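**Student:** Structure provided below as structure tokens; questions to follow.
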């Protein structure tokens, strides 16, 4: 009896984490699929590469149009959408910078920006 219990216990210890892990992966995949199917025009999204934009076209099943900036639209695979993000909040009443909220912005100067000379890459002799 003892000799049969040890292999059974080892199989249970190895199988239980595999089963629980696959269930979690299936649940996450279903949530991601639900998110991609529920996207509508005007939703703010983040892609898997970290690009933020606003959904502009959902007419295709495989691709989705994203507006990155006003007038700049790109086409992405639906699978590239990682998550919905909250809308950008632009407070038009707070146009002035207040001390403590932002670093001071230096006044524009008449001098041009300095550019470093290019590095020279030479093969060692």
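**Student:** So for 64, 19, 81, fewest C-beta neighbours within 10 Å to most, what's the order?
**Tutor:** 19, 81, 64
**Student:** Then there is this: Report Rg (one decimal) and Dmax (nearest whole number) for segment 7-84, counting Cα atoms only, units Å.
**Tutor:** Answer for segment 7-84, Rg first and Dmax second: 18.2, 65 Å.
**Student:** List 84, 123, 26 from most exposed to least, where exposure is judged by having the fewest other Cβ atoms within 10 Å. Before the final figure, lay out the partial values.
**Tutor:** On the way: 84 14, 123 4, 26 10.
The order, fewest Cβ neighbours first, is 123, 26, 84.
All of the numbers you see were taken from the coordinates with simple rules; none came from a lab. As the structure is a computational prediction, the values presented were derived from the model and not from experiment. Every residue, glycine among them, receives a Cβ derived from its backbone with ideal geometry; neighbour counts consider all protein chains shown.
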